[in-house]
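A.B. asks: This is the structure I have questions about; it appears just below.
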Amino acid sequence: MNRKNNQRYHDMDICMKAALLELMKQKPFEKITVKSICERAGVNRGTFYSHYTDIYAMIEDAENYLNKELISITEQWALQYPNGQMQALFIPYLRYIKEHRYFYRISLTNRKNLSVKETFRPLWEQFVLPQCQQPESVNKDTLLYYSIAFEGSITMVLQHWIETDCRDSEEMISAILQNCIPAIGTIKTG
């Protein structure tokens, strides 16, 4: 019997997610069916339904999977460049999103919002937050406002970039996002 902690169950799950992502590259989401996922993955419908209630549940699970992978990539980059190279700060993050833009576009269509909070956390903590804490006058409440503004601006830039099929270069978008980093040291909060 397949259980969620069973290796075979896990392997089938990855296989079905890969099938979904491949199909998303080839045809509109509306034309993807459980049958087409099962055929591509080489599994039967019973296997699909032992994992998911429907395609939307699979999309949500795939988004969680991609987000974990993106967090891992971002954390690795942050460790590799602990002092930060601001000119390349966002490049690995943007490349990953561009590579999976078809999925993120579907996610945006279904949600109308791109969640960047968790995936962007390593970059915020490693590079932006230390800048925000330089002036002693910046308190915890003020940092929360900066975090909200930063997350909102990143979200909107990435949403537009994805909606336009990532046609602008990663370098251009990186420069725009860098300009969104708050210059807290120059702001009076009292």
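Each value in this text was obtained by applying a stated rule to the coordinates, not by laboratory testing. Note that this is a predicted model, so its numbers are computed, not measured. Because the Cβ atoms are built from the backbone with ideal geometry, glycine has one as well, and the counts that use them run over all protein chains shown.
A.B. asks: For the pair LYS35 and ILE14, what calculated FRET efficiency results from E = 1/(1 + (r/R0)^6), where r is the Cβ-Cβ distance and R0 = 22 Å, to the nearest 0.05?
C.D. replies: That pair, ILE14 with LYS35, gives E of 0.65.
A.B. asks: Can you tell me the order of 53-64, 96-107 when each peptide is scored by its average per-residue count of other Cβ atoms within 10 angstrom, highest first?
C.D. replies: 96-107, 53-64
A.B. asks: Can you pull the one-decimal nm distance between simple spin-label points at TYR49 and LYS140, each 7 Å off the Cα toward Cβ?
C.D. replies: 5.0
A.B. asks: Kindly state, to the nearest 0.05, the FRET efficiency for ASN6 paired with SER169, given R0 = 45 Å and r defined as their beta-carbon distance.
C.D. replies: That gives a FRET efficiency of 0.55.
A.B. asks: Next question, about the same structure. For the pair LYS27/LEU79, report the inter-label distance in nm, with labels modelled 7 Å from Cα in the Cβ direction.
C.D. replies: My value for the distance between the label points is 4.1 nm.
A.B. asks: Students often get this wrong, so check it: of LYS35/LYS68; LYS27/LYS98; LYS25/LYS98; LYS31/LYS98; LYS17/LYS98, which have C-alpha atoms separated by over 20 Å? Walk me through the numbers before you get to the answer.
C.D. replies: Numbers: LYS35/LYS68 27 Å; LYS27/LYS98 17 Å; LYS25/LYS98 12 Å; LYS31/LYS98 22 Å; LYS17/LYS98 18 Å.
Table pairs above 20 Å Cα-Cα are LYS35/LYS68; LYS31/LYS98.
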